[in-house]
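In what follows, a structure is listed as C-alpha cells, so that the remarks can point back to it.
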Amino acid sequence: MSKEEMIVPESADFPDRERLCNDILNTGVMGALIGGFALGNLSGFDHSADHSSLDIAIYLASFIGVHACTCSCITSALLYRVANAIRDEEAPQWAAKNKLLLTMPMAKFGMGCVSYLGSVVLISFRDLQALPLWQYLALVIGLMSMSMSLLTAVVLYRQSAVPTAASRPSEEPGAGGGGG
C-alpha cells in the first residue's frame, strides 16, 4: 500500500462532488448578498464632511464586510471551478487534500456577516442619538441578534464536525440497527 493510499480518508468522511459543489456555490451566493448590503452602507458616506469616530467605525465595519464577503465569493468561484471539473470518485480525496482551502469561503463569509451586522448596530446607535431610550433598545436588540447568529454558528459547527474513521463506532455483525 502506498503512502498516499494510507492517508486517503474513507469516502464517508468527505462530501460527494455534488454536495461539495453545492456548498461552495451557496457560500458564494450568500457572500454576494451580504456584501451587497454592506456596500449599500458605504454609498452614503460624505467624504467632504468631518466625521466622528462612530462614523469612521461604521465605514470601516461596512468596508470589512464588503471585502470579506467579496473574498468569500471569489474564493468560492475558484474552488467551484475546480470541484466541478473533477470526477465524482475524486471528490472526497480532493476535499481531504484541500480541507483548509474549503473552509476559507465560509470563514470569510462569517467575518463579513459579523462586520455587516456590527455596522448596522452602529448605524442605528448613531441615528437614534436624539432618542436615548430607543438608541439603547436598538443597541441591545442588535447585539442580541449578533449573539444569536454567532451562537448558532458555534453550535452548528460543533454538531457537524466530521467524524474520523477512528472515532466512528465499529460495525460488528449483530451490533446495532439492522434486521433480525
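Here is how the numbers come out for the structure above:
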read-out	value
Given (1) in contact with a Ser or Thr (Cβ under 6 Å, 6 or more places away or on another chain); (2) modelled with pLDDT under 95, index of the condition SER76 fails	(2)
ALA130 being of a type in the set (A, V, I, L, M) and modelled with pLDDT under 90	no
Any hit, the stretch 41-54, residues being touching a residue at least 12 places away in the same chain (Cβ under 8 Å), surrounded by 18 or more Cβ atoms within 10 Å (Cβ to Cβ) and of a type outside the set (Val, Ile, Thr)	yes
The stretch 99-114, residues that are within 14 Å of the chain's Cα centre (by Cα) and either buried (at least 22 other Cβ atoms within 10 Å of the Cβ) or over 30 Å from LEU143 (Cβ atoms) (or both)	LEU100, LEU101, LEU102, PRO105, LYS108, PHE109, GLY112, CYS113
Condition met for TYR116 (of a type in the set (Ser, Thr, Tyr) and at pLDDT 95 or above)	yes
Test for SER119: is it buried (at least 20 other Cβ atoms within 10 Å of the Cβ), more than 15 Å from CYS71 (Cα to Cα), hydroxyl-bearing (Ser, Thr, Tyr) and in contact (Cβ under 8 Å) with a residue 40 or more places away in the chain	yes
Candidates ALA68, ALA85, ALA96 - the one that is surrounded by 14 or more Cβ atoms within 10 Å (Cβ to Cβ) and over 17 Å from MET30 (Cβ atoms)	ALA96
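The values are calculated or read from the model by the stated rules, or taken from the named source; none is laboratory data. What you see is a predicted model, and the numbers here were worked out from it, not measured in a lab. Backbone-built Cβ (ideal geometry, glycine too); neighbour counts: all protein chains shown.
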